[in-house]
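Undergrad: My structure is below; once you've seen it, I'll send some questions.
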Amino acid sequence: MLTKVWLAVMVAITLLYAFLLFERGWVLLQDGQPIAVVMGIAILVFPLLAIATIFYEIRFGFRLAKLEKLFTESGMQAPEYLLRPSGRAEADSGKQVFQQIKSQLEKDENNFLLWYLLADSYDKLGDRKRARSAARQAISRAKQADAL
């Protein structure tokens with residue numbers, strides 16, 4: 001719950017900042033000088049990009065939370081990792097679980113819960129880029145299966 005409160009606070013602050021930037025951009029656009037107009041356009045675009053990025057990241061997070069709920073309700077057994085104090089998996093344990101999930105996924109490529117587990121495995125091994133990619137695959141396949 002605390003995470004959601006912090007998320008709401010950060011979104012509110014970012015939206016306030018974006019509104020203030022937008023206002024400054026509008027003032028610069030009305031100045032009429034070419035440099036001011038170019039700066040005004042840039043200042044108008046950046047808050048819109050920030051808002052779009054926040055929207056997509058929050059949507060991604062909510063969809064992953066829904067996948068986690070679906071995984072919990074499915075009754076599938078979560079893999080066991082030997083974890084370091086940091087929360088990352090020990091290399092041997094993580095690689096072993098990763099190989100198990102990968103082999104299951106080769107048999108059932110459309111199983112969005114296995115893609116979710118693969119994303120979790122990548123995350124536990126510290127590979128965030130591949131974890132996000134696998135999570136996107138899980139979301140995409142869950143939408144195809146009408147689970148999201």
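Each value in this text was obtained by applying a stated rule to the coordinates, not by laboratory testing. What you see is a predicted model; the values in this text were computed from it and never measured. Because the Cβ atoms are built from the backbone with ideal geometry, glycine has one as well, and the counts that use them run over all protein chains shown.
Undergrad: Restricting attention to region 41-58, does a residue exist that is more than 16 Å from Leu114 (Cα to Cα), in contact (Cβ under 8 Å) with a residue 40 or more places away in the chain and surrounded by 12 or more Cβ atoms within 10 Å (Cβ to Cβ)? Before you say what the answer is, go through the steps one by one.
TA: Within region 41-58, the first condition is being more than 16 Å from Leu114 (Cα to Cα), and the residues that meet it are 41-58.
From what's left, in contact (Cβ under 8 Å) with a residue 40 or more places away in the chain: 54, 58.
Among the residues that remain, those that are also surrounded by 12 or more Cβ atoms within 10 Å (Cβ to Cβ) are: 54, 58.
Scanning region 41-58, I find at least one residue that is more than 16 Å from Leu114 (Cα to Cα), in contact (Cβ under 8 Å) with a residue 40 or more places away in the chain and surrounded by 12 or more Cβ atoms within 10 Å (Cβ to Cβ), so the answer is yes.
Undergrad: Being polar (S, T, N, Q), surrounded by 15 or more Cβ atoms within 10 Å (Cβ to Cβ) and farther than 18 Å from Gly61 by Cα is the filter here; which residues of region 105-148 pass it?
TA: Passing the criteria: only Asn111.
Undergrad: Picking from Lys129, Lys143, Lys102, which residue would you name as being within 15 Å of the chain's Cα centre (by Cα) and either without any contact (Cβ under 8 Å) to a residue 24 or more places away in the chain or part of a helix (DSSP H, G or I) (or both)? Break it down into steps so the answer makes sense when it comes.
TA: Working: Lys143 fails: within 15 Å of the chain's Cα centre (by Cα); Lys102 fails: within 15 Å of the chain's Cα centre (by Cα).
After ruling out the rest, the residue left standing is Lys129.
Undergrad: Okay, next question. How many residues are out of contact with any Gly (no Cβ under 8 Å at 6 or more places or on another chain) and in a loop (DSSP other than H, G, I, E, B) if we restrict to region 105-126?
TA: Initially, region 105-126 is screened for residues out of contact with any Gly (no Cβ under 8 Å at 6 or more places or on another chain), giving 105-120, 122-123, 126.
Then keep just the ones that are in a loop (DSSP other than H, G, I, E, B); that gives 108-111, 126.
Here the count works out to 5.
Undergrad: Out of region 92-106, which residues are among the aliphatic types (A, V, I, L, M) and under 11 Å from Tyr122 (Cα atoms)? Outline the logic, then answer.
TA: Step one: list which residues in region 92-106 are among the aliphatic types (A, V, I, L, M), which gives 97, 101, 105.
Within region 92-106, Val97, Ile101 qualify.
Undergrad: Right, another one. Of the conditions (1) closer than 30 Å to Arg141 by Cβ; (2) surrounded by 11 or more Cβ atoms within 10 Å (Cβ to Cβ); (3) not small (Gly, Ala, Ser), Thr3 fails just one. Which one is it?
TA: Going through (1) closer than 30 Å to Arg141 by Cβ; (2) surrounded by 11 or more Cβ atoms within 10 Å (Cβ to Cβ); (3) not small (Gly, Ala, Ser) one by one, Thr3 breaks only (2).
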